[in-house]
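The values are calculated or read from the model by the stated rules, or taken from the named source; none is laboratory data. Predicted model, so just to flag it, every value in this text is computed and none were measured. Don't worry about glycine lacking a Cβ; one is built from the backbone with ideal geometry, like all the others, and counts go over all protein chains shown. All accessible areas refer to the heavy atoms of the entire protein, side chains included, with ligands and DNA or RNA removed. Shrake-Rupley method; radii C 1.70, N 1.55, O 1.52, S 1.80 Å.
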Amino acid sequence: RLPYRQGREVVVATVVGLIHANERYGGIVPELGSSFMSKCPLEFEYSIHDTRLHIEYPVIELVNAEKNDRHPDAVIGPLLTDSARTFSLVARSYGIPVVSPSVSSSEFNDKHIFPNLVRIHISDEDSAHALAEFLHEINAEYVAIIYDELNVGAISYRESLAKELRQYGITSVPFPAFDEQSLKFEVQEIVDHKLNIVVSIIDDVESLLLVADSMDWVGEGKLFIFTENVTEDELLDLMRKDSRFAELLNGSVRISPIAGVPGHGRFDELRNEWTSFSQYLEEINSHLPGGSLSHELTNMTIDLDTSVFSDLTSDVAVAAYDAAVTTAIALCKQCDSEGECDFNFRGFVDSIVNASFEFEGASGIVHFDETCNRRPDSYAQLLENFVTNSSSGTLEIIFAGHWVPSADQWAYDEALHYAGGRKDPPRFTDEIPTEYNYIKAWERALVNSFAILVYCLLSVICVWMCIYKEDKIVKASQPVFLYVVLFGIGVSTGAVFSLGIDDNVTSDMDALDFHCMFPVWLWSMGTTLLTSALLVKFYRIMKVFNNKHLKRVIITVRDMLFVVLILFSFNVLILMLWQLLAPWRWHRETIEIDIFDKVIETAGSCSADSGKNSVPFICVLVLYHLALFFLLGYMAYRSRNVPTDFQEGYWISLAVAFELQLLLLGIPIVLAVRDTDLSTLYLTVSLIIIIMNSTLTVLIFGPKMVRVYQGKDVTIDSPVLLSSNASKNGSSNSSLSKVNGTSSQLLTSEDSKRANATVSDMDMISSNADTIVIS
C-alpha cells in the first residue's frame, strides 16, 4: 500500500531492519549485534512488491519469482488478512515461511492450514480479551459492534470479540456497514435499540462520527470505543480538520495493541533514529517499483521523498522492523557452525517456536508460542482516553491504563473522563421498560362500573317484583322462576370481577390460580340457572295451554325446581372434572425479546399445565350451554301462541338473536388476542357477559314493567282454553268465558277466529300456590 504513508513507513522500517541485520547493528535491537549474529554467514537481499490492496498481486509476484529462479527464502508481509490468507497457502506449496507484521485473524491459529505463517502482532483473541475485560469492568451488559463487513480482518475481530464477551455474559450486537448509506441505517438501528456503548471496527471514523452526530448519538451518556483500525494520530487529525470533532470525540476511548510504546527503550531508539534513515533513501527507491533493482511486473513507479522520514507515526512500521529482525535471526538459525544453511519453512518455524528464540525488539520482548503467534504478555495494549481541553477546546490524549497479562486485568494510570465530564461510565443501554400487558386500572374500573349497574338493575327489578307481587301480570309470569333467572344473571355477572384479577393486583400464585377457574364457574353456573329456569317456566306454561284433552295435571314448583337442579348438577359435574383433571393456572409467557435477548414484552394468561389438556372440558361445556340455548329457542318457538303475559318467548327470541350476533363478533376477537393481549381479552369477554346479561334482563322484565305501569290487565290473544277455575279440593266445574260478547264456547286452533278476553279472576297460575291444577 505504498501510496499511503503507513505503507511507506512499513517499507522503510522493513528495509532498514534488513540493512541493520546485514550491518549487524545492535543500536535498536541488541540481538543484531550479538556474537550469534556476528557468526551468521548470511547477507540478506530483498525485493519490494506492492500488493495494491489486491489479493492476487502478491501471489502473481511470488509465482513470477519462482519462474525466474528467484526463490525467496522468506517473505515479510502481507499486512492484510485477505492477502495473507491466499498468499500463505501458495507460499506453503513452495516451502516458503511468511512473517506478517500485522495480521491477527483467528483463522491463522490453525497450523494444519497455515504452518508457515509467523505473526509479529498478537492474535485477535488476545486483543479482544483485553477489550472484553474493560467492558466487564465498566459493567456493560449490551454492546453494539459496528464493523466493515467487506473487511475480513474486521469480521474476524468482531467474531473474536463476540466470543470473549460471551464469556463475561455480555451481549454483543453486530451492525455491519460497508458504505455511507448502510452506515446511516446501522447507526439508526443503534439509536432505535437505545444502545449507549459502541465498539467501532471501521476505518472511516469521520463518516461514523458525522452520522452519529446527525442522529444525536453523541455527548453525555454515550461511549465510543475505537480499536486498532484507527490510530490516535488519525483521530487527532480529524480534530485539526474540524474543531467539531473535538466535541464528538470527547470522552471516547481507544483500546488497542500497540507496538511502539513511548518510554520503552527500544522503541524510543527506533523513533529517535528514524530521521537518520533518510541515508537509505536512494537504496530503498532503487528497489521500489520502477527502480533499477525492482522486479515488479507492473510499469508503475513509486519514489519516496524525505518527508517519510520526518517522524515515525505508524504502529505497524514498528512491528515491521521487528518482523525483519525476526526473519533475519530465524534464517541465521538454519545455518550450522560450518556455515552450511538449509532453508525450509519447517526449520524456520521450529527455530521460531523454540523457547530460546527471544529478543528485545522495538515492539517489546519478541517470542512466540507453539502456533507461531506472538505471546500476548510480550505485546503492549494501551487504554487511551480522548478528552477535550475545556480552555483551549483541543483534543488531548490521556494514557489512562495498560493491560497486565499476568493479572488478566487493566491497570489504570489515570481516571477515565467520559462525555459530559462524567467520571462514571454510561449505562450500557437506556432502560427499556418491559411491557407486561397488565389489565389497566381504567379498564377494570369501567368493567366493574358496568357490572355494578347490572346489579343495580337486578336490585330494582327484585324490589319491583316484591312491590307488585299481587299484580295479575306478575302472578301470570311465574315469579318463582323469574327470581331464579335474576339470581342466575347476578351470578354470571359476578364473573367479570374475578376476570379483572392479574399479577399486577396480587402476586399470590394460589390466588391467581383460583381466579383462573372462578370466573368460569360463576359464568357457567349463572348461565345454567337462568337458561334452565326459563326452560322449566316455558315447559310449565305449555302444559297449561296445550292441555287439549282437559286431563287433570298437577305441576308443582318443587317439581320444576328439581329439573333446574338436575341441569345445574350436570353443569357442576363438568366443572368439577375440569377442575380436578386439567385446571387452568396462571402463567406469564414471554411474547417478545429484543436483540439482546432481554424480555421486553410478556403476557399473563390462564391455561392448563404442560401435559394436561383442558380443551375437551371446554368443548363439552360449550356444547352443553349451546344445547340449552337452542332448546330455549325451540321452547320459545313452541310457545309463540301462548299469551305474552304468561311467557317471554318473543322477547327471549330477540335477546338470543342479539347475543348470537355479539358472540359471532366477540369469539374471533377472543381467539385472536387470548395469548398476547390480556387487556383486550378482559374487555372483550367482560363486555360480552355484561351486554348479554343486561340485554336479557331488559327484554324479559322491561315489557312487564311497562304493562304494569300502563295499568293493563292480563290478556289472552290466541285460540286456547280461556279459563278453568280450579277448586281447592281438586274438583272443578268447567265453564266457558265470553269472547267478545258472544256465547261461551271452546275455540280450536284450526277454525276459531282470533279473540281477546280479559281474565278477571286469574288463580289458575298463582305465585301464592305452588301447584297448577288443570281439569
Fill in: Checking N504 against (1) in contact with a Phe, Trp or Tyr (Cβ under 9 Å, 6 or more places away or on another chain); (2) under 15 Å from L696 (Cβ atoms), the condition it does not meet
(2)
Discussion item. Considering only residues that are farther than 24 Å from E269 by Cβ and acidic (D, E), which ones fall in segment 306-356?
Written reply: D336, E338, E340, D342, D350
Worksheet item: So N547 fits all but one of (1) at pLDDT 90 or above; (2) surrounded by fewer than 22 Cβ atoms within 10 Å (Cβ to Cβ); what number is the exception?
Response: (1)
Practice prompt. Evaluate the following for Y468: is it open to solvent by 60 Å² or more (accessible area, probe 1.4 Å) and free of Cβ contacts under 8 Å to residues at least 40 places away in the same chain?
Written response: no
Worksheet item: Here are some residues: S47, S88. Which one is buried (at least 18 other Cβ atoms within 10 Å of the Cβ) and either under 16 Å from L117 (Cβ atoms) or touching a helix residue (DSSP H, G or I) at 6+ places or on another chain (Cβ under 9 Å) (or both)?
Response: S88
Worksheet entry | Top-ranked residue of segment 398-415 - restricted to ones that are touching a strand residue (DSSP E or B) at 6+ places or on another chain (Cβ under 7 Å) and surrounded by 15 or more Cβ atoms within 10 Å (Cβ to Cβ), ranked as farthest from S378 (Cα to Cα) | I398
Worksheet item: What residue, of V187, V198, is open to solvent by less than 30 Å² (accessible area, probe 1.4 Å), β-branched (V, I, T) and part of a helix (DSSP H, G or I)?
Response: V187
Response to the item:
For segment 153-173, pairs from a residue that is more than 17 Å from E137 (Cβ to Cβ) to a residue that is among the β-branched types (V, I, T), with Cβ under 6 Å and 6 or more apart or across chains, are G153/T81; A154/I201; Y157/I201; R158/I145; R158/I201; V173/I595
Fill in: helices (runs of 4 or more DSSP H) fully within segment 237-305 counting 3 or more residues that are open to solvent by 20 Å² or more (accessible area, probe 1.4 Å) and within 30 Å of F224 (Cβ to Cβ)
none
Worksheet entry | Count of segment 344-363 residues which are at pLDDT 90 or above and not in a helix (DSSP H, G or I) | 7
Worksheet item: Within segment 219-229, which residues are touching a Leu at 6+ places or on another chain (Cβ under 9 Å) and either part of a strand (DSSP E or B) or without any contact (Cβ under 8 Å) to a residue 60 or more places away in the chain (or both)?
Response: F224, I225, F226
Practice prompt. Please state which one of D233, D216 is out of contact with any Leu (no Cβ under 8 Å at 6 or more places or on another chain), in a loop (DSSP other than H, G, I, E, B), in contact (Cβ under 8 Å) with a residue 24 or more places away in the chain and among the acidic types (D, E).
Written response: D216
Discussion item. Can you tell me how many residues within segment 585-613 are closer than 25 Å to A511 by Cβ, open to solvent by less than 50 Å² (accessible area, probe 1.4 Å) and either of a type in the set (D, E, K, R) or assigned to a loop (DSSP other than H, G, I, E, B) (or both)?
Written reply: 2
Item to complete: Would you point out which residue out of S243, S256 is touching a residue at least 60 places away in the same chain (Cβ under 8 Å), hydroxyl-bearing (S, T, Y) and in contact with a Gly (Cβ under 7 Å, 6 or more places away or on another chain)?
Response: S243
Worksheet item: When you go through (1) under 21 Å from P425 (Cβ atoms); (2) at pLDDT 90 or above one by one for Q188, which number turns out not to apply?
Response: (1)
Worksheet, complete the sentence: Within segment 495-518, the residues that are open to solvent by 10 Å² or more (accessible area, probe 1.4 Å), within 17 Å of M692 (Cβ to Cβ) and either over 32 Å from the mean Cα position of the chain (by Cα) or among the hydroxyl-bearing types (S, T, Y) (or both) are F497
Worksheet item: Restricting to helices (runs of 4 or more DSSP H) lying wholly in segment 395-510: which have 1 or more residues that are at pLDDT 90 or above and small (G, A, S)?
Response: 441-467, 479-493, 495-499
Worksheet, complete the sentence: With criteria (1) under 23 Å from A317 (Cβ atoms); (2) under 44 Å from the mean Cα position of the chain (by Cα), D50 comes up short on (2)
Item to complete: Scan segment 694-704 and give yes if some residue there is modelled with pLDDT of 75 or more and out of contact with any helix residue (DSSP H, G or I) (no Cβ under 9 Å at 6 or more places or on another chain), otherwise no.
Response: no
Fill in: Flag for S492 being within 44 Å of the chain's Cα centre (by Cα) and open to solvent by less than 80 Å² (accessible area, probe 1.4 Å)
yes
Discussion item. Being in a loop (DSSP other than H, G, I, E, B) and either surrounded by 18 or more Cβ atoms within 10 Å (Cβ to Cβ) or free of Cβ contacts under 8 Å to residues at least 24 places away in the same chain (or both) is the requirement here; does V211 meet it?
Written reply: no
